[in-house]
Each structure stands twice: as C-alpha cells, then as structure tokens.
1. Being outside any helix (DSSP H, G or I) and in contact with a Ser or Thr (Cβ under 8 Å, 6 or more places away or on another chain): is that true of Glu68 here?
2. Could you identify the single residue in Leu127, Leu157, Leu143 that is among the hydrophobic types (A, V, I, L, M, F, W, C), closer than 24 Å to Gly113 by Cα and at pLDDT below 90?
3. Does Arg19 meet the test of being among the basic types (Lys, Arg), surrounded by 13 or more Cβ atoms within 10 Å (Cβ to Cβ) and either under 31 Å from the mean Cα position of the chain (by Cα) or modelled with pLDDT of 85 or more (or both)?
4. Please go through the range 30-50 and give me each residue that is in a helix (DSSP H, G or I), surrounded by 10 or more Cβ atoms within 10 Å (Cβ to Cβ) and aliphatic (A, V, I, L, M), ordered by number.
5. Quickly run through the range 110-124 and pick out the residues that are surrounded by 11 or more Cβ atoms within 10 Å (Cβ to Cβ), hydrophobic (A, V, I, L, M, F, W, C) and over 16 Å from Thr98 (Cα atoms).
6. Based on what the data block shows, is Leu96 surrounded by fewer than 14 Cβ atoms within 10 Å (Cβ to Cβ), assigned to a helix (DSSP H, G or I) and assigned by TED's automatic domain parsing to the domain that holds Thr232?
7. Using beta carbons and a limit of 9 Å, which pairs, at least six apart or on different chains, have the first residue in the range 198-222 and closer than 11 Å to Pro234 by Cα and the second one outside any helix (DSSP H, G or I) and of a type in the set (Lys, Arg)?
8. Please work out which residue is farthest from Pro58 (Cα to Cα), limiting yourself to the range 29-46 and to residues that are in contact (Cβ under 8 Å) with a residue 40 or more places away in the chain and among the β-branched types (Val, Ile, Thr).
Amino acid sequence: MALPSYAGPLERSWYYAYRVICAAIFVFLIAPIIVIIPLSFNAEPYFTYTNQMLTLDPDGYSLRWYREFFDSESWQHSIRNSFIIGISATLIATALGTLAALGLSRRHMPFRGLIMGVLISPMIVPLIISAAGMFFFYSKLNLAQTFPGVILAHAALGTPFVVITVTATLAGFDHSLTRAAASLGAPPVTVFRKVTLPLILPGMISGGLFAFITSFDEIVIVLFVAGVEQRTIPREMWSGIREQISPTILAVATVLVAVSILLLTTVELLRRRSERMRGIREPN
C-alpha cells in the first residue's frame, strides 16, 4: 500500500522504518539457509568459501557432492526410509486428524476444548520428552526399532497439524448443505463423499503436507525409536556431522530446502483455492 500524500513526517519515518525492520527480520531468518546453498557446489571438501568461489571462478564450483549424494547406497537407503515413513505417517495422521476435526466441529461436542488441547499437545510438549515417552511405550509393545513404531510416532506428531487445518476449514463450513443432501435421501457416506469431502479436501491436503514435512525433517524421535534399518535422511545427516564431515551434507540440506519450498508453495496454493471455494476474497 502506497504512502498517502497527506502523511506527516512521523508517519513517513515509521513507514520506512517498518519496512527496514521487516527486511532485517527476513534477512535474519533466511540468511543461514541461503549461505549453505552456494557451499553445496564447492569443488573442495570444505565448509567455507574458497577464493575461487569468491572470485566466481567456474573451477571453484562442482556437482561432486550431489553426485555423491545420489550415488551413495547409504544416502539412497535413507531416502527410501524417509519417504516410506513420511508417506505412511502422513496417511495415518490425515485420516485420524480429519476424523477428529469432524467430531470437534459438532456444535454440541462435550469437552471440546479439553479434547482439542490433548490432540495438539504433541506440538506443545518438548520433543525430547515425547521421544523418551514414545521409546518406553513402544519398547513395551516391541515396536521400538521397527518401521511401524517410527511410523506411528511420526503420525502422532503430524496429527495436530491436520486437526488444526481441517478445523479451520470447517469453521466456515455451511452445514445446511449436508442437511439438504440428507433430506434428499442421501446416506451419510454419500453426504460425506459428495458434499463434505470436496469442501474440506484442501484443508486435509494442507495438513497432510505439514505432517509429511514434520516427518521428513524429524530427528529426535528417530534417535530414540528408530534402529539401524530405519535411518532417515536427518538421521544420516546427524551421523555424518558427528562421524565424517563431508559437504555432501550441504547438498542434502539444499535438496531438503527445495523440497520444503515446493511443499509450502503447494500449501499456499491450496489455501487460496480453499478461500475461493468458500467465497473469501483477498483484499486488493
């Protein structure tokens, strides 16, 4: 929004100061991420900018660390594990979170606030406490160091995101549509499939993407619950930093940043689509 012509000196000063502050905060948040991207193309096995890189010499840049990432059996194994665990946990979290949000959307749902607090508690409780509790719990069930145990643990972390996004979508839901469909003779399953599901689908997908990102980037739960066969990409990066320093980690980090940007862009597009379906227009 442009500054009005009648603005006084104080308003003009705040107008420009506000933008400088916003830019400084943006740089503070983004700079640590931006710094590692050029380093992932370093031709030398260092975590610092070489003179060739600073002078933009083409010989100072290389794709060797990306080749090592995609050619390494251990990294490929961690990629497969991350996708298997992430997709499985996302499906479980999306199903459970959607069902919970539909129940909480009922007007006469008893103890709604208490139930919502319990459901979103994995987002509030320190992750180290959750990881320790899950380790002891799954150990009693013989699920520790197994794929089902890690998947269920990640599903528990991702479910709150689905609950929140689907609940937000249902906040503007017109329940007269479902009543009209039921009055025309449609059974509950048909009402959900034909009326409710299309309207809440953007919220479900957005929550599912957040759940997938949470699982894909999670390390603390994996350290406690997972075994050697369940090593994920963050677990492999953590081991690489401790045991063998290699710029391959920077290449992996850059790939993860690109994946996160792609997923967050998808979430934003789905949010805008959901607002259009609900008749909400963004201000000009």
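1. So Glu68 does not fit the description; no.
2. Working: Leu157 fails: at pLDDT below 90; Leu143 fails: closer than 24 Å to Gly113 by Cα.
Going through Leu127, Leu157, Leu143 in turn, the sole match is Leu127.
3. So Arg19 fails the test.
4. Ile30, Ile33, Ile34, Val35, Ile36, Ile37, Leu39
5. Scanning the range 110-124 gives a single hit, Met123.
6. Values: surrounded by fewer than 14 Cβ atoms within 10 Å (Cβ to Cβ): no; assigned to a helix (DSSP H, G or I): yes; assigned by TED's automatic domain parsing to the domain that holds Thr232: yes.
For Leu96, the condition - surrounded by fewer than 14 Cβ atoms within 10 Å (Cβ to Cβ), assigned to a helix (DSSP H, G or I) and assigned by TED's automatic domain parsing to the domain that holds Thr232 - is not met.
7. Pairs found: Val222/Arg231.
8. For the range 29-46, the residue satisfying everything is Ile33.
The values are calculated or read from the model by the stated rules, or taken from the named source; none is laboratory data. Being a predicted model, the structure only gives us computed values, none of them experimental. Here Cβ is always computed from backbone atoms with ideal geometry, including for glycine, and neighbour counts include all displayed protein chains.
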